[in-house]
1. Using amide H atoms built in the peptide plane, which far-off residues or other-chain residues are under 5 Å from B:Trp101 H to H?
2. Under 20 Å from the Cα of B:Lys123, which lysines turn up, not counting those fewer than eight places away in the same chain?
3. Can you give the translational diffusion coefficient of the range A:77-122 in µm²/s, computed by Stokes-Einstein from the Kirkwood radius over Cα pairs at 37 °C and 0.692 mPa s?
4. Mind checking which of B:Leu197, B:Leu17, B:Leu115 has the largest fluctuation in a GNM of chain B, springs on alpha carbons under 10 Å?
5. For chain B, what is the relative contact order in percent, using Cα pairs closer than 8 Å and at least 6 residues apart in sequence?
6. How high is the relative contact order of the range A:9-74, in percent, counting Cα pairs under 8 Å that sit 6 or more residues apart?
7. Report the Stokes-Einstein translational diffusion coefficient (µm² s⁻¹, integer) for the range A:9-74, Rh taken as the Kirkwood radius over Cα pairs, at 37 °C with viscosity 0.692 mPa s.
8. Of the listed pairs B:Lys9/B:Lys224; B:Lys28/B:Lys105; B:Lys45/B:Lys69, which have alpha-carbon separations greater than 23 Å here?
Amino acid sequence: MEFNNSQPIYKQIIDDFKKKLIRGELKKGDKIPSQREYAEQVKVNPNTVQRAYREMESMNMVETLRGQGTFISISADRLEEIKMEMAVNLLDYFISEMESLGYSREDILKILSQENTNREGEGTL
Amino acid sequence: MIEFKNVSKSFGSTMALNDVSLVFPRGKIIGLFGPNGAGKSTSIKLIMGLNRPDRGEISVDGEDPQNKKKNLAYLPEIDHLYSWMNIAQAADFTRTFYDDWDEGKYRDLINFLNLQEDMKIAKISKGQRAKAKLLLTVCRRAPYLLMDEPLSGIDILTREEIINTLIRDYREGEQTIIISTHEIAEVESLVDEVIFLDQGKVKLSGNAEDLRIERNMSLVELMKEAFRNAN
């Protein structure tokens, strides 16, 4: 995993788990690496990994069972929320970048709908 | 916790540290950053009790560093190993000095670092020598590990090996690592806390993740900015 060093690393770790959940690569009940294993895998300070895991616990994404390890514990509703959050974040970024280039909301919608027509054959959007 | 209170140290007419007050919190990996001559090595030597401050006070867990030597493991910048020794002999030498030597860790790490006991210090490469120094320092279970430029002048793959060793080996919560370097990019994801020194003064310090949140910058960018403003 490559990190963007201008963003907090523990947040990027959490985002990586969120994406894996959204894509279905991780499901409720799956065991995730221990903090130590994960720190070694991604070559990050174990304290940073601890911070990410703690936050994921408080977000009800994972739970740690004494002596057994850390498991995905997310509910279907919570997963939907996270999915929507990520979509909104991406849109926020997209819209603010477009606006910084001088596009109006109407222009943006027009471009989106044009792209949609262009891609219709591919079945995307 | 290691604390500096209004510490100054000069060498001749050069002010190496100028009224520095600092805290190195316990249980963290702390990056001590700055250009050559910033005061990084001086700070580490003062903590090790190898030098005494001209003014001010330094304490290790509330005590004089001289009384805390057994809690401090030190990796000096210079090549301090006897060149006629091989790694096994250098390990023997270290083992007799310190009763916190961890033999299991030594056996494990010598393999992990691709070193062999019969390698002669005089004959091995600079990178291997750096790894040998690291090996002999981290095999002590000291609560404080102080490393002075462990990455300088070493190829990128060896640097990675050194960083991986530190991560693999780090005892969360109980161990404090202070690492001085100007290779900031290499240790971005390794350090919890950062201290930027310049010309004997603290330019900037804080938690690495908090600084990224506040400033939207990497540690490398932060350092560049701090020094741009200085000149």
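1. Amide H neighbours of B:Trp101, under 5 Å, 5+ apart: B:Arg141.
2. Here the lysines satisfying the reach criterion relative to B:Lys123 are B:Lys131, B:Lys133.
3. D = 271 µm²/s.
4. B:Leu115
5. With pairs under 8 Å counted, the relative contact order is 28 percent.
6. Result for the range A:9-74 is 39 percent.
7. 280
8. Pairs exceeding 23 Å: B:Lys9/B:Lys224.
No lab work stands behind these numbers, since they all come straight from the coordinates. Just so we're clear, the structure is a prediction, and the values are computed from it rather than from any experiment. No Cβ is skipped: glycine too gets one built from the backbone with ideal geometry, and neighbour counts run over all protein chains shown.
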